[in-house]
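First the structure, in the form of structure tokens, and then the observations on it.
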Amino acid sequence: MSESSTIFALSSGSGMAGIAVIRLSGAGAFAAARSLAGVLPAPRQAARRAFRHPQTKDILDDGLLLVFPGPHSFTGEDVAEFHLHGSLAVVRAVLEALGGMAGLRLAEPGEFTRRAFRNGRMDLVAAEGIGDLIRARTERQRKQALHHALGGASQVIETWRRDLIAILGRVEAAVDFSDEADVARATVADVRRRLDDLIGRMRSALAEADRAQALRDGLKVVLAGPPNVGKSSLLNRLAQREAAIVSAIPGTTRDVIEVAMEFSGVPVILTDTAGLRASTEDEIERIGMDRTGRELAGADIIVWMSVPDSPSGPPPDLDSETLWIENKTDLAAGIPKSQAQYRISAKTGAGMAEFFAALEDRVLGMAAHADSAVLIRSRHKQISTSCVENLLRASAQSADHLELMAEALRAAAYDMGRLTGRIDVEDVLDSIFRDFCIGK
């Protein structure tokens, strides 16, 4: 992929629409725009133009042309935009005309944003935010992604970086006077104080990382319990559709069934699992139970279900937040109440309002403040954890080992650079941008 070429793509999404936007970026963007639309308008001002085929001069469409000279454009390069009628035929004709011009090629997924990153228009965290904004399904996801796309998280990380560089400068200056014990001791005392503050801020961000990533990806709520306690019926009632097969035969659910839901703007992946029992001779059921175990291990919230005539509570080794509900209370006449937190009937709806409110409270509590979190991806968490470890290593050094302290601080600064994409990110760029749409 050559970044010296001029690229073009449909940026407004595929399919028929009222308006289609075709974007060009690169050194040849303005020449290509002149070939199709004639005289360029003033920068950042829309002008009506007839778009003609460069060879035949046939009119392809009547629309608007905008130009954005670099470096003050989205990509940092010369950018042109054609705002056209959104029919498939118009879009196809203009794209084919551009594709026939020398020096132009169709953009790859995320290439416009990738060029913006390369040209310093945004850092890697903001670029990731744009990708998340494109894929956002709920209001809270939109807010979280926009916070990153507009640079909110990057500003916090840049503050960390500046503070770290200042600390490193203090240590490296003291290395020159390392033979003066008083200078070395004063430096270490000051550096430790400043490192404690920086480590505290980064740890606070790391403490929010899991819930922030859960908001980005969707909180996983797993329905679990013995066979035939009504997990599939509860899934269908919560989803308000027949998402799972319901049968009186125990063990009907053999595979994991997932339904995407939304609780007040928070995305939730509601998961129905195979029933758990002490043992089974059925190989297929055993595989289903193994899958249930894996789902429970990755759950954010577990809804453990039992029934009145078999009121077994959740196993004590479950790590996730757990709600215990007793189902089929419509059949519980004469049976003593269990210690379950909520008693419902997925069949009749009895008790569902109270249970749903409790589940929603848990979901919203886990997602609290996640839309303004700094670290929202596994990549962010891994690199920041490494950075904190290096900062702790630096803080542990004595006045006799200022060189080792500086080495640890340089390693932490390297981590910080990887976080924002300042250094050593080639291995992650493809994975970040491959999920973008072509025109972004």
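Only the coordinates and a few stated rules stand behind these numbers; no lab work does. Owing to the predicted nature of the structure, the values given are computational and were not obtained by experimental measurement. Ideal geometry is used to build each Cβ from the backbone, glycine not excepted, and the neighbour counts take in all protein chains shown.
Looking at the stretch 50-101, the trypsin sites (Lys or Arg not before Pro) that sit in a DSSP loop and have at most 11 other Cβ atoms within 10 Å of their own Cβ are LYS57. Close lysine pairs were tallied over the chain: pairs 8 or more places apart or on different chains with Cα atoms under 13 Å apart number 4. Provide the percentage of antiparallel DSSP beta bridges, counting only those with both residues in the chain; round to the nearest 5. Antiparallel bridges make up about 60 percent of those DSSP assigns within the chain. Dividing the C-alpha radius of gyration of the chain by 2.2 N^0.38 Å, with N its residue count, gives 1.29.
Taking a ≥ b ≥ c as the square roots of the Cα gyration tensor eigenvalues, the stretch 113-244 comes out oblate, since a/c reaches at least 1.5 and a/b does not exceed b/c.
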